Amino acid sequence: MITRLLTVTAIVAATVAVPGGALAAPAPFHDTFDNAVDADPAYGLNDNLVQRQGTGAVTYSRVSGRWNTGDVPRPWFAQVNHPNHRGKLSMHLGTTAVRLDAPSTGSTISATLTPVAGDRTSGDWSSIALSSSANSWGYVSNADIDLGFLVRANGGVQVFRSGSPIVTLPAFAAARSDGSFDVELKLTGPELGLTVNGNHRAITLATPVPTGRLWVYLGRYSDNDQTVSLVDDLDVERLNSDDLRKAPGSDLRYYGYFAARITQAGGNHLPEVRGRGNLNWVQISDVDTYRPEVLQDCAPAGCVVYTGNEFFDCDAAGCPLHPNAAARWQVLAEKVRPYLDRVAGFVLQDEPFHHGARFADVEYSAQQIKNTFHDKKVMLIEAGPKIDDTFTVPVAVDWVGFDEYCIGYGELEARMAELEERAPGKELFLLPEAAPQSWCADRTDADLESTQYAYLALAKEHPRFVGMMVFGPWTGVGPAATGPGTPVPSKFPRATDAQERVAALVLGEARLSG
């Protein structure tokens, strides 16, 4: 079964993962499966959707793909842009399937299917299954499949209706040399128009397949865990993606990662998140030298650069300005200047008031940045407990965010409301945690998955919040990590999947073009 959390946070999880609701603006859908980052633990399935689809919010869910169990295979069974299969959805290690998270509302679906890469003789198959249920296991001949189609590597074709075979064509089409087939299914009243590598057959159905709302499942069957099946260029004539759209009134438009690059030892994670982030926190001033070349991995206007090392000299005793703060800032500014098109703005000292910085010093640093780069944003991120009735934001600051990890839904919303009151006229950001922190190290993968959707639900209710910057997931401590920079996403596959889904919603306009 496909399940999602039935908590207050699942209000959003349901709309992202298993949507429902009325039909409203169906339009064409196309996925090239190009340029996703195929990395543990999500393996590219929902990465880089904007470029792949031209819109970027129609996600996929892994499903069983089997006839006798709803247990979902491990994430690596279904990958996108695998190093050996660039620009493809690849299915590995036996039988599996994926489902599009928005229903088809048209009559035609097409894709290039390769049942066994490089093989033209096997009986193993790839499938397209259409079901009125979003909770199907995706197996082509199960009873909840309204129309199932499979093509074997040897060119054999079968069509199923509600669990029963209605057409079997043992040698319908010859595979190309790479084992691929161009497949088109067109439903017109009681007729199925089937085209495979140019071979066409009109199949009369006993009753029409209702095309008003059908979920699309892509699957493969094999007992051989050494073979791979491929899908490319998926086209759906009309797809209703309204339930994957941002809520009316929401101004969310930024999503990214805090500390996508913080030190050389911690690693540069910008390439890893390029398909699911448009605003990432980056530090280039290492202890030994500046490394501005890191900014080449930022998308245009895709990074905010940390300036705390230049302005402040913080320790346990306090957080004063460096005596030569202005000169130190100009050094950083000159290092950044060749890459300025990659920079959206600059971030002040992290949690300055929490660390003991004076307001006048924070104001000074913000104004220095604005004086140098007047068209770039200045960002302030403060610790949640400091967002109280004494909190004040310098005039030169454009963006204000706060971090307060592992707190409850109600506490988080109260803090958001306080920030809205204390930072009038500023655009606001949230920083969800992506891994357990030392003060809440018992958080599970399910807890962190829930957290991503909780933050999204709250952001939708508070239009002043324009962005989300996930803390980590390379900054975790405790059992899952040994310190900053330790990669921990593989310990949290559900949370990582949730981040990709939230990013898809924030970054890509889900109402398809056309």
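Strands (runs of 3 or more DSSP E) wholly in the stretch 113-181 with at least 1 residues that are modelled with pLDDT of 95 or more, over 35 Å from the mean Cα position of the chain (by Cα) and farther than 24 Å from ASP233 by Cβ - which ones?
Because the criterion is at least 1 residues that are modelled with pLDDT of 95 or more, over 35 Å from the mean Cα position of the chain (by Cα) and farther than 24 Å from ASP233 by Cβ, the strands (runs of 3 or more DSSP E) in the stretch 113-181 that meet it are 164-169.
Each row is one residue, and each column tells you yes or no for (1) buried (at least 17 other Cβ atoms within 10 Å of the Cβ); (2) modelled with pLDDT under 95; (3) under 17 Å from ILE284 (Cβ atoms); (4) more than 29 Å from the chain's Cα centre (by Cα).
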| residue | (1), (2), (3), (4) |
| --- | --- |
| CYS319 | yes, no, no, yes |
| HIS322 | no, no, no, yes |
| TRP329 | yes, no, yes, yes |
| ALA333 | yes, no, yes, yes |
| LEU340 | no, no, yes, no |
| ALA344 | yes, no, yes, no |
| VAL347 | yes, no, yes, no |
| PHE353 | yes, no, no, yes |
| PHE359 | no, no, no, yes |
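Being in contact (Cβ under 8 Å) with a residue 40 or more places away in the chain, in contact with a Ser or Thr (Cβ under 6 Å, 6 or more places away or on another chain) and either part of a strand (DSSP E or B) or over 17 Å from GLY219 (Cα atoms) (or both) is true for just one of GLN79, GLN51. Which residue is that?
GLN79
Return yes when ASP124 is touching a Phe, Trp or Tyr at 6+ places or on another chain (Cβ under 8 Å) and acidic (Asp, Glu) and no when it is not.
For ASP124, the condition - touching a Phe, Trp or Tyr at 6+ places or on another chain (Cβ under 8 Å) and acidic (Asp, Glu) - is met.
At pLDDT below 95, crowded, with 16+ Cβ neighbours inside 10 Å and either more than 28 Å from GLY163 (Cβ to Cβ) or not acidic (Asp, Glu) (or both): which single residue out of GLY21, GLY56, GLY65, GLY44 fits that description?
The conditions single out GLY56.
From ALA265, ALA299, grab the single residue that is closer than 23 Å to GLY56 by Cα, among the aliphatic types (A, V, I, L, M) and either in contact (Cβ under 8 Å) with a residue 24 or more places away in the chain or surrounded by fewer than 23 Cβ atoms within 10 Å (Cβ to Cβ) (or both).
Residue meeting the stated conditions: ALA299.
Return the total of residues in the stretch 165-197 being touching a residue at least 24 places away in the same chain (Cβ under 8 Å) and either outside the structural domain of LYS88 (by TED's automatic domain parsing) or among the charged types (D, E, K, R) (or both).
Number satisfying all stated conditions: 4.
What single numbered condition from (1) over 16 Å from the mean Cα position of the chain (by Cα); (2) crowded, with 19+ Cβ neighbours inside 10 Å; (3) closer than 18 Å to GLY56 by Cβ; (4) not small (Gly, Ala, Ser) fails to hold for GLU272?
Of everything listed in (1) over 16 Å from the mean Cα position of the chain (by Cα); (2) crowded, with 19+ Cβ neighbours inside 10 Å; (3) closer than 18 Å to GLY56 by Cβ; (4) not small (Gly, Ala, Ser), GLU272 misses just condition (1).
Given the criteria buried (at least 17 other Cβ atoms within 10 Å of the Cβ), assigned to a loop (DSSP other than H, G, I, E, B) and either within 21 Å of the chain's Cα centre (by Cα) or in contact (Cβ under 8 Å) with a residue 60 or more places away in the chain (or both), does GLY256 qualify?
It is false that GLY256 is buried (at least 17 other Cβ atoms within 10 Å of the Cβ), assigned to a loop (DSSP other than H, G, I, E, B) and either within 21 Å of the chain's Cα centre (by Cα) or in contact (Cβ under 8 Å) with a residue 60 or more places away in the chain (or both).
Does the stretch 301-317 hold any residues that are part of a strand (DSSP E or B) and of a type in the set (A, V, I, L, M, F, W, C), and which are they?
Of everything in the stretch 301-317, those that are part of a strand (DSSP E or B) and of a type in the set (A, V, I, L, M, F, W, C) turn out to be CYS303, VAL304, VAL305, PHE312.
Which one of these is out of contact with any helix residue (DSSP H, G or I) (no Cβ under 9 Å at 6 or more places or on another chain) and part of a loop (DSSP other than H, G, I, E, B): ASP38, ASP34?
Unique residue meeting the criteria: ASP38.
The values are calculated or read from the model by the stated rules, or taken from the named source; none is laboratory data. Keep in mind that this is a model prediction, so the values were computed, not measured. When we count neighbours, we look across all protein chains shown, and the Cβ atoms used for this are built from the backbone with ideal geometry, even at glycine.
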